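These notes concern the structure reproduced below.
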Amino acid sequence: MALFRFPSEPQSRPLIRTGNLYLRAPDPDDYSAWAVLRMESREFLTPWEPTWNEDDLTRQSFRLRTKRAAREIVSDEAYSLFIFEAHSETLLGGLTLGLIRRGVAQACTLGYWMGQRHAGKGHMSEAVRGALRFAFSELALHRVEAACLPNNEPSRRLLERVGFRHEGLARAYLKINGAWSDHLLYAALSTDKPTDGRA
């Protein structure tokens, strides 16, 4: 069980640190940087995400996101985190360890997004490796699952590079960009041999 779930702790505290990054829960003060990054990356992200709501980028919508993220961390339901470059404190993207199942499963689902101007620089690989360490050590999970569209070659390469194994295909698995879409299913286990950079 995580040690980060006490309501008295500030949610802006980084939960994950890597060599070049830190990950923490979103804070209301992140709104401007988040809105700019999402807006300028919209065309880049649209093929891989659910359809955006009309009010998706409003301050009110973001405020609700931050409150929900804080509640879910406290209740150990999900860890929705922003990814920052450590030396510049620039917001790069986001990562979620969500749908946490305890009991006999001890599993969660990984999701992530990266701003277009920060993509292809190795940031997400580093962030996902950090998230796996956090999931297996601090959260004591056994399994982290991920899914991606078959034509999302960068995401497939990323998952395989950081140690996820392909397990199958789920038909019409998620509604992405307005259409029910098949997804490739991946998973990493706490008992898997670490890949380079995960140890």
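The values are calculated or read from the model by the stated rules, or taken from the named source; none is laboratory data. What you are looking at is a predicted structure, and each value in this text was computed from that prediction instead of being measured. Ideal geometry is used to build each Cβ from the backbone, glycine not excepted, and the neighbour counts take in all protein chains shown. Only protein heavy atoms, including side chains, enter the accessible area calculation; ligands, DNA and RNA are left aside. Shrake-Rupley method; radii C 1.70, N 1.55, O 1.52, S 1.80 Å.
Quick look at the numbers
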item: Label assignment, Cα extents along the principal axes in Å derived from the structure, set (i) 40, 40, 32; (ii) 63, 58, 34; (iii) 52, 44, 32; result: (i)
item: Arg171-Arg101 pseudo-label distance in nm [points 7 Å out on the Cα-to-Cβ vector]; result: 2.1 nm
item: Pair Ala35, Ser61: separation of 7 Å Cα→Cβ label points (nm); result: 1.1 nm
item: Of all accessible heavy-atom area on the stretch 43-199, the percent that carbon and sulfur account for (1.4 Å); result: 51 percent
item: Theoretical FRET efficiency, 1/(1+(r/R0)^6), r = Cβ-Cβ of Val74 and Ser125, R0 22 Å, to 0.05; result: 0.15
item: Theoretical gain in end-to-end length, Arg157 to Gln116 [0.36 nm per residue, Cα-Cα removed]; result: 13.0 nm
item: The chain - accessible surface per residue (Å², probe 1.4 Å); result: 53 Å²
item: Extension gain from Thr46 to Trp180, taking 0.36 nm per residue of separation minus the Cα-Cα distance; result: 46.8 nm
